[in-house]
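Encoded as structure tokens, the structure appears first; notes follow it.
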């Protein structure tokens, strides 16, 4: 009986491991990155992200969030890189639930998967869907 249970457990673990396998290298090749920063470091204008990072104080952070269309980045969130400016070290990204492209420092984006606060590694399929891909709500 113990042998049968051991065999069933081994088979279950093997199938679970292959079912959860994701080709992260392929996602990176498609332009996906994982956020490594925690803070308001994604802005609609590249100048705003440069300003908040260069002079990060509570006052600058509050101003950026209230007036400069900056968004908080959370570690483990997956982002799609749209374009990069290597000379300035910034990237334009698309986050799943934000309708506009945002700028952030490239150093805040990792090619190595990072688990989110729940210990899950986001993929494009598991991330918040972009508003353009959501089903329209039924009209009354």
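Every number in this text was worked out from the coordinates using simple rules, so none of it is lab data. No experiment lies behind these values; they were computed from the predicted model shown. As a convention, Cβ positions derive from the backbone with ideal geometry for all residues, glycine included, and neighbour counts pool all protein chains shown.
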Criterion first (under 18 Å from residue 109 (Cα atoms) and either surrounded by fewer than 17 Cβ atoms within 10 Å (Cβ to Cβ) or touching a helix residue (DSSP H, G or I) at 6+ places or on another chain (Cβ under 7 Å) (or both)) does residue 84 satisfy it? yes
Being closer than 15 Å to residue 74 by Cβ and either touching a helix residue (DSSP H, G or I) at 6+ places or on another chain (Cβ under 9 Å) or surrounded by 14 or more Cβ atoms within 10 Å (Cβ to Cβ) (or both) is the filter here; which residues of the range 101-126 pass it? 102, 104, 108, 109, 110, 113, 114, 116, 121, 122
Contact list please: Cβ distance under 9 Å, first residue in the range 100-126 and at positive phi, second residue assigned to a strand (DSSP E or B), pairs at least six apart or on different chains. none
